[in-house]
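J.: I am attaching a structure below and will ask some questions about it afterwards.
We did not get these values from a lab; they are worked out from the coordinates using the rules stated. Source: prediction; values computed, not measured. Quick reminder, even Gly has a Cβ in these numbers, built from the backbone with ideal geometry, and neighbours come from all protein chains shown.
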Amino acid sequence: MMSQLKCRYGDDEFQYKVIYLPQREKLRRRKIAIHIHPHGSVQVDVPEDTVTTEIRQAVSKRARWVVKHLAEIRERQQDVFPRQYISGESHFYLGRRYMLKVNHTPRAASEVKLLRGRLNIATVDKSPDAVKVLLWQWYKAHAKNTFQRRLAVLVEQASWARISRPGIRLLTMKRQWGSCSPKGHIILNPHLVKAPRDCIDYVILHELCHLREHNHSPKFYRLLGMLMPDWQSVKARLDNMSETLLNQ
Ligand SMILES: [Zn+2]
């Protein structure tokens with residue numbers, strides 16, 4: 001036997017399926033057991049003689065915990081599925097998650113602004129396609145700025161590049177953060193601006209080392225290790241985030 005019930009918690013609401021278990025199968029430790037499945041469905045196991053009010057009470061006691069878990073599941077799913085470019089969705093910038101807020105403005109000039117932990121977009125056209133274009137322009141502008149600022153600092157540590165002063169080019173890539181051109185430009189993926197600053201530094205330093213050592217020889221890694229002794233752990237963190245950050 002089973003039934004479907006609802007629980008409200010503040011502004012949130014979730015549905016849950018109640019499974020009535022025969023007495024002999026009931027769990028020993030807790031009379032009522034709440035399970036949250038990986039895809040976000042909530043199941044409540046109860047002994048078969050439990051009355052509905054008792055179930056509702058037990059669930060609402062743990063509602064805060066359920067709502068928190070469901071929010072985490074939504075966030076994880078959001079990172080893997082294509083972005084929708086609507087209010088409430090989160091996007092990354094310099095390693096932090098910002099909630100997107102799309103507002104309609106009657107004025108022709110659109111605007112993207114970071115304000116109080118939110119990524120606010122004011123636009124005439126609220127369609128996901130239009131929002132995506134605006135947000136991507138914003139990312140590219142901030143990427144160029146951030147990368148140039150970091151390169152100016154980091155190039156001071158790379159004596160071989162101090163005089164040539166390599167320039168930065170942006171190139172959107174599917175699975176690569178950076179490379180360098182034969183002419184000595186550093187090419188960086190604008191998506192990298194979504195990563196924490198030390199990850200950005202790692203990619204820039206990696207490419208700076210390539211200006212002197214063009215392959216991944218032991219010499220190359222010695223050089224990199226001198227500039228960033230903990231590069232391996234920084235790289236591991238960036239690798240872990242790659243799928244999320246490259247997913248637009
Ligand atoms: Zn390399």
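J.: Count charges around ARG165 for me, please; just the other residues with Cβ under 15 Å from its Cβ, Lys/Arg as +1, Asp/Glu as -1. Spell out each step's value before the answer.
T.: Numbers: positive: ARG149, ARG150, ARG162, ARG169, LYS183, ARG212; negative: GLU156, GLU207.
Within the 15 Å Cβ shell, the charges total +4.
J.: Output the DSSP H helices from the chain with an along-axis C-alpha extent of no less than 20 Å and a mean Kyte-Doolittle hydropathy no less than -0.5.
T.: Values: long enough: 63-80 (26 Å, -0.81); 128-154 (37 Å, -0.20); 197-212 (23 Å, 0.15); 231-246 (21 Å, -0.39).
The qualifying helices are 128-154, 197-212, 231-246.
J.: So, one more: So for PHE92, PHE220, fewest C-beta neighbours within 10 Å to most, what's the order?
T.: Going from least to most buried by this count: PHE220, PHE92.
J.: Can you tell me which of 3-15, 154-166 comes out highest on packing, and rank the rest after it, using the mean Cβ neighbours within 10 Å?
T.: 154-166, 3-15
J.: Mind checking the alpha-carbon convex hull of the stretch 90-137 and giving the volume per residue in Å³?
T.: 71 Å³
J.: Using only the Cα atoms of the stretch 113-248, construct the convex hull and provide its projected area averaged over every direction, in square nanometres to one decimal.
T.: Dividing the Cα hull surface by four gives the mean projection, 9.2 nm².
J.: To one decimal place, what Kirkwood hydrodynamic radius in Å is obtained for the stretch 36-142 from all pairs of distinct Cα atoms?
T.: Mean inverse Cα-Cα distance, inverted, gives 16.6 Å.
J.: Next question, about the same structure. Mind listing the phi-derived Karplus ³J(HN,Hα) values for the stretch 39-46, rounded to whole Hz, using 6.51, -1.76 and 1.60 with θ = phi - 60°, and x for any glycine or proline?
T.: 8, x, 8, 10, 10, 10, 8, 9
J.: Quick one: which residues, 5 or more positions from PHE92 or on another chain, have an amide H under 5 Å from its amide H? H modelled 1.01 Å from N in the peptide plane, none for Pro or chain starts.
T.: Here the answer is TYR98, since their amide H atoms fall under 5 Å of that of PHE92.
J.: Restricting the count to DSSP beta bridges whose residues both fall in the chain, what percent are antiparallel, rounded to a multiple of 5?
T.: Roughly 60 percent of the beta bridges in the chain run antiparallel, per DSSP.
J.: Determine Rg/Rh for the stretch 2-80; Rg is computed over alpha-carbon atoms and Rh is the Kirkwood hydrodynamic estimate from the same atoms.
T.: Details: Rg = 13.1 Å, Rh = 13.1 Å.
Using Cα coordinates only, the ratio equals 1.00.
J.: Based only on Cα atoms, what mean projected area does the convex hull of the stretch 147-211 have, in nm²?
T.: 4.0 nm²
J.: Let me ask something additional. How large is the dipole of the chain about the Cα centre if only Lys and Arg carry +1 and Asp and Glu carry -1, each at its Cβ, rounded to the nearest 20 debye?
T.: 380 debye
J.: Another question, if that's okay. For the chain, build the charge dipole from Cβ charges (+1 Lys, Arg; -1 Asp, Glu) around the Cα centre, then report which of ASN145, THR172, SER60 sits farthest towards its positive end.
T.: Going by the Cα projections, it comes out as ASN145.
J.: Also: Can you pull the percent of Cα pairs in the chain with separation above 24 Å?
T.: When every Cα pair of the chain is considered, 61 percent fall beyond 24 Å.
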